[in-house]
1. In nm, to one decimal, how far is the Arg167 label point from the Glu36 one, both placed 7 Å along Cα→Cβ?
2. Restricting to bridges with both residues inside segment 17-237, how much of the DSSP beta-bridge set is antiparallel, in percent to the nearest 5?
3. Which of Arg101, Arg66 has the fewest other C-beta atoms within 10 Å, and how do the rest follow up to the most?
4. What's the exposure ranking of Asp202, Asp276, Asp288, going from fewest to most Cβ atoms within 10 Å?
5. Can you list the HN-Hα couplings for segment 199-208, worked out from phi with the Karplus curve (6.51, -1.76, 1.60; θ = phi - 60°), rounded to whole Hz and with x for Gly and Pro?
6. Sum -39500 (n - 2.57) across every DSSP H segment of at least 4 residues in the chain, then divide by the residue count to get the 222 nm mean residue ellipticity, nearest 500.
7. Val305 to Asp203: FRET efficiency via 1/(1 + (r/R0)^6), r the Cβ-Cβ distance, R0 25 Å, to the nearest 0.05?
8. Under a crude label model (7 Å from the Cα following the beta-carbon direction), how far is Gln236 from Ser47 in nanometres?
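Each reported figure results from applying straightforward, stated rules to the coordinates on display, with no laboratory input. Fair warning: this is a prediction, and the values are worked out from it, not measured in the lab. Reconstructed Cβ throughout: ideal geometry from the backbone, glycine too, with neighbour counts over all protein chains shown.
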Amino acid sequence: MPHFSKSMNGVELDLEGVIPPMVTAFDPETEELDLELIRQETEHLISAGVGSIVLGGSTGEGQGMREEEIELLNRTVVDQAAGRVRVIAGIIADSTIESTRKARAAARGGATALQLTPPHYLWVPSIDGLVKHFDTIGAAVELPILIYNVIPWVDIDVDAMKEIVDRSPWVLGVKQSGGDMHKVADMMHVLHDKVPLTTGIDDLLYPTFALGVDGAITCMTAVFPEQTQKLYRMVQSGDHAGALAMHRRLLPVWRAIEGPGMTANAKYALRLMGRDNGVARGPITPPDNERQARIRVEMEKAQLV
């Protein structure tokens, strides 16, 4: 793990390599947590060799989870993992008090860190408001925070992010999403000596790895952990020809999966590989026949099924 200048209570946030944001298995009839399928998917990701797993992120449909579900999801994965991987809890909420409640639930479930979006309902918080937000949550659970910079209308720019990192003791990492390669470059230039940075940009895994990000937390890493880890390792070893070939292999598959129904599309892709994870919660609907065919064809071309 690289050394960074910022830590809290002697702890740095380890975000190295591929960190899959695990899909959350929901029962097709009730849309409640399917704990057996969750345990099975946990085992698959561990067997793929990842060092950390994120729960309840965007790919894991965390935006609609109740506190008791967050606690149960984290406890189920933590117990199944039995110390073999680190568990990071995704927290997606619209206020500091709601985020704090959900963070406490995740901590009770055994999570070791938080992946936390800014509040994102209608208004844009000030920098002071965001600093207080992250401080309040971090102090409540005493867990390191990875800021998930993904909300379009609360798109934290590099100067604001630097101020938050400098002022908020519990913020120990940044996940830059939203498809902005320019912002990844600027974040790396300004912040990478302080805290680790990960990418959340599925179609730009290769160039962001080449830029030097510490790791990736994206849908593709959850669905295809073996292939995305191979891509990461090829960049680390300097095999850019191999990495580019893997990028070209995976990109059409991502284009078939991405979109408003991404979580349901991802679960369809998983099902094609024998990894049943139930359904996506409504109002997300299963992919139609045309989308299913496209996903299947692109996965076959990529020799993933």
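1. Modelled inter-label distance: 5.1 nm.
2. Bridges in segment 17-237 that DSSP calls antiparallel: roughly 5 percent.
3. Arg66, Arg101
4. Asp288, Asp276, Asp202
5. Values, residue by residue: 9, x, 10, 4, 7, 10, 4, 4, x, 6 Hz.
6. -14500 deg cm²/dmol
7. For R0 = 25 Å, the calculated efficiency reads 0.80.
8. The two pseudo-label positions are separated by 2.2 nm.
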